[in-house]
């Protein structure tokens, strides 16, 4: 009986450790803040979409001036530090058009962490400047981690063990 228990424990530990190499990703959400107008928008990216150079070229959600940007973008590039998601987005550059009934606006921006940046909105039809923010910075990064496979597996094992003890009572 003791051999069976040791064998099961060894098997469980081996199986659990086999999942430790599984990728763990997160969603990073950050506000775009103007020094004069406050929060002007926000962007959420999925870190699992980062390429070999830590560049993400797509967003989960992206909003500026109360308008949600539609896909696909003309240009979108967010640089992250994959070793420290809590550092947030390091660099954000974008050129996105929003089409609505009777108007088409072009949203352009470049923001660097620690240096700030600019965001502007143009009316494509008339080429008029709609809005310009020259003092844009990133807000505090909010990171929502996706649970690692190991954690999910260990939770399932603990649940099964608890259920087995309850069944024996």
Considering 122, 76, which residue is in a strand (DSSP E or B), under 19 Å from the mean Cα position of the chain (by Cα) and more than 18 Å from residue 142 (Cβ to Cβ)? 76
Meets criteria (on the phi < 0 side of the Ramachandran plot and surrounded by 16 or more Cβ atoms within 10 Å (Cβ to Cβ)) for residue 129: no
In this structure, does residue 97 turn out to be outside any loop (DSSP other than H, G, I, E, B), at pLDDT below 90 and within 30 Å of residue 129 (Cβ to Cβ)? yes
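The values are calculated or read from the model by the stated rules, or taken from the named source; none is laboratory data. All values reported here derive from a predicted model rather than from experimental measurement. Positions of Cβ are generated from backbone atoms using ideal geometry, with glycine treated the same way; all protein chains shown enter the neighbour counts.
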